[in-house]
Amino acid sequence: MKKGLRILLPAILLALVLAFAACGGGNGDTEGQDEQPAADTQAETDANDTQEEEVDPGPPPRDLGGIEIVIANWWSEYCTETADPQTFAGRERLEDRRMLEELHNFRIREVRWGSWDDVRDNHPLRLATGYREVHVWVLEPSWYATVALRGLLAPIPETVFTEGRGADMNWHDESMAYARMFADADGYTLGFTQGFGETAGGVYFNMRLFEEAGLPRDYPFILQAEGRWDWENFTRVARLLTRDTTGDGINDTFALATFHQDFLPRAIVSNGAAIVDICSDTGRFINASQTPEFYEALAWVVQLREEGLAMHEDDIGGEWNFFVEQFNNGHAAMRAGGSYIAGAQVNPNLADDWGFVAFPMGPRATGHYSFMSQNLMAIPAAFDADEVDKIMYAFTLWNRPLGVDEEGADDDWKFEQLPNHNQIRSIEETMALHTRNQDLQRTPFHSLVPGGFTIGDGFAFRVWTGEFDAQTILEEVQLVWNETLERANESLGLD
């Protein structure tokens, strides 16, 4: 009976179709008008069938053989199996990573291998002994140089970063140029860096304290938009923000509470100056502190200190990191810092509204130059070329822009930053135009010197506290700086 129905039903349907056509298909228009659309429909159907047949599904997903990649850092952990993001962007990223890991048969874990001191002191030994539990080490630039010079890192073809999926990634040009300096052969690098330098920051400001000083709450945003957020206006505003509100002769609010090693190097860079530079002809590290731009920056910092516009830990009997609490609790109107402290040290839910602007421009600058020190990433030499290829293939998948195939993919980072900020203007007007602009980011080359180049206790701290004359301090450190750079150049074979 069922077999008979299968034969009979098509015959019945065909008879109904023919009868419907003979009656004009229910169309009361002129006879024959229904015939041409039927032909067109058939043509379209044939064309669609042809198009469907010609679709190229592309190559099958690459199977990475179940490789489990560990990325070691000193601050956080992340795994797709346990991650619990609290933002839409974070959930979207997690969903994409889980899909990619299943599709290509790999896993990536970011692990906090230890403290900053632990990683600094122990990664060279791990690299030297062929340690394979870590596939990618996150390294400060000076650490990278030290191990790269000793042949402890695996070479990576430049094509990884310029072709295919790698061409869509935000590799930082200046850091990548530094990383490839240590490769033995052209077309290779020993390190890489992905994304924008989040140390490239600016100035966080308390909107309530600006208002109480008789200024618009968003005054730094206004000055920035007008192109007038410079040292002169910063100083003028700082004088208004430093106030004795109780009339006892002691300032109750300061214009600035910040880390001297955050502020002084940014001031130098903001005027187009540098402590250390790299000679374009020889590749040697050179002392760049003897320039008019450098002296101007030093003089401006001294002026802020001597006028009492900047709070120091000695003023309140606090610890070295006093500035975190002082800014967050509304005792200081501004703080300099990297973009990465937003959402962490500077919480979006503080009692007072706050904003974020670029560092003010020096008189010799043509834009808001940012101090950018980007960590590098490297693969141990214990991994062979095939393993390096798998690691980098997985890495570029895992960190690809979320909208890699969609218009507007470059804006993905904005959604990731939204939970970290109190004002959307900090993202749209500051980060998008200034601090994330690679044309304005400047690498502090002193951070790249193999073995390290210290500017803290011997220079920045002493200048900030005013213990000695700034010019005297600068003269005293010249010998130390020159000797450090000479050793670095010798280690690079740049005699």
- Extension length gain for R243 and L494 (0.36 nm per residue less Cα distance), in nm, is 85.1 nm
- Leading residue at positive end of dipole, the range 155-267 (Cβ point charges), from G166, Y178, F259: F259
- Note on the structure: If amide H atoms are modeled at 1.01 Å from N in the peptide plane, then the residues at a separation of 5 or more from S370, or on another chain, having amide H under 5 Å from its own are Q441, R442
- Query: Placing +1 at every Lys and Arg Cβ and -1 at every Asp and Glu Cβ, with all other atoms neutral, what dipole size does the range 189-270 have around its Cα centre, in debye to the nearest 20?
  - Reply: 140 debye
- Two-site label geometry, T291 and N482: point separation in nm, points 7 Å out along Cα→Cβ: 1.9 nm
- Query: Taking R0 as 41 Å, what's the FRET efficiency between W320 and D63 from their Cβ-Cβ distance, rounded to 0.05?
  - Reply: 0.20
- Task: Name the residue farthest towards the positive end of the dipole of the range 162-258 from the options L240, G191, Q224, assuming +1 on Cβ of Lys and Arg, -1 on Cβ of Asp and Glu, about the Cα centre.
- Result: L240
- Within 10 Å, count the other beta carbons around each residue, average over each peptide in 439-452, 244-257, and list them highest first. 439-452, 244-257
- Sorted by packing (mean other beta-carbon atoms within 10 Å per residue), highest first, where do 359-372, 284-297 land? 359-372, 284-297
- Task: Calculate, for E174 and D121, the FRET efficiency according to 1/(1 + (r/R0)^6) with r their C-beta to C-beta distance and R0 35 Å; round to the nearest 0.05.
- Result: 0.80
- Message: Can you give me the distance in nm between label points at Y340 and E102, each placed 7 Å from the Cα along the Cα-to-Cβ direction?
- Response: 3.3 nm
- Cβ under 15 Å from M392's Cβ, M392 left aside: what net charge do those residues give with Lys, Arg +1 and Asp, Glu -1? -2
- Assuming R0 = 30 Å, can you tell me the calculated FRET efficiency for the pair A225 and W75, based on Cβ-Cβ distance, to the nearest 0.05? 0.35
- Task: Take each of the peptides 469-480, 228-239, average the number of other beta-carbon atoms within 10 Å over its residues, and list them starting from the highest.
- Result: 228-239, 469-480
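Computed from the coordinates by the stated procedures, all read-outs in this text should not be read as laboratory data. Nothing here was measured: the structure is a model prediction, and the numbers come from that model. Cβ coordinates were reconstructed from backbone atoms using ideal geometry, including for glycine residues, and neighbour counts include every protein chain displayed.
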